[in-house]
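Colleague: Here it is, the structure in full.
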Amino acid sequence: MLALSGDFMKVGVSGTLESNDCIITVTKSKELIIEVNSVVYEFFGTQIYNLIEDTLKELNINNVKVVIDDKGALDFTIKSRLITALERLGVL
């Protein structure tokens, strides 16, 4: 956990930076923020963004910041990494 002005900022992280995987970092936020960094961004950036947004909508979560560093992960990997990061953050 990171100390921030006397409060503690909790972070949920899941994944690796290995090929065909991704690392997802989730923090609480006042609004939904999704940041996609991917080696295949030109081809799949919008699809990755939409997958994260749709998964968060399914889970009724709209107050987090999600940062994904993708190395070519498939959809099911991204979704499972996101859910694990959310559980580690404590919002699920």
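Colleague: Has region 29-47 got at least one residue that is among the charged types (D, E, K, R), surrounded by 12 or more Cβ atoms within 10 Å (Cβ to Cβ) and over 11 Å from the mean Cα position of the chain (by Cα)?
Modeller: Scanning region 29-47, I find no residue that is among the charged types (D, E, K, R), surrounded by 12 or more Cβ atoms within 10 Å (Cβ to Cβ) and over 11 Å from the mean Cα position of the chain (by Cα), so the answer is no.
Colleague: Which numbered condition trips up Asp21, out of (1) modelled with pLDDT of 95 or more; (2) in contact with a Leu (Cβ under 9 Å, 6 or more places away or on another chain)?
Modeller: If we test Asp21 against (1) modelled with pLDDT of 95 or more; (2) in contact with a Leu (Cβ under 9 Å, 6 or more places away or on another chain), just (2) comes out false.
Colleague: Residues of region 51-74 being surrounded by 13 or more Cβ atoms within 10 Å (Cβ to Cβ) and not β-branched (Val, Ile, Thr), which ones?
Modeller: Correct list: Leu51, Glu53, Leu56, Leu59, Lys65, Asp69, Asp70, Lys71, Gly72, Ala73.
Colleague: Taking the condition of being at pLDDT 65 or above and polar (S, T, N, Q), how many residues in region 1-18 meet it?
Modeller: Matching residues across region 1-18 total 2.
The values are calculated or read from the model by the stated rules, or taken from the named source; none is laboratory data. Just so you know, these numbers come straight off a predicted model, no measurement behind them. So basically every Cβ, Gly included, is an ideal-geometry build from the backbone, and we count neighbours across all protein chains shown.
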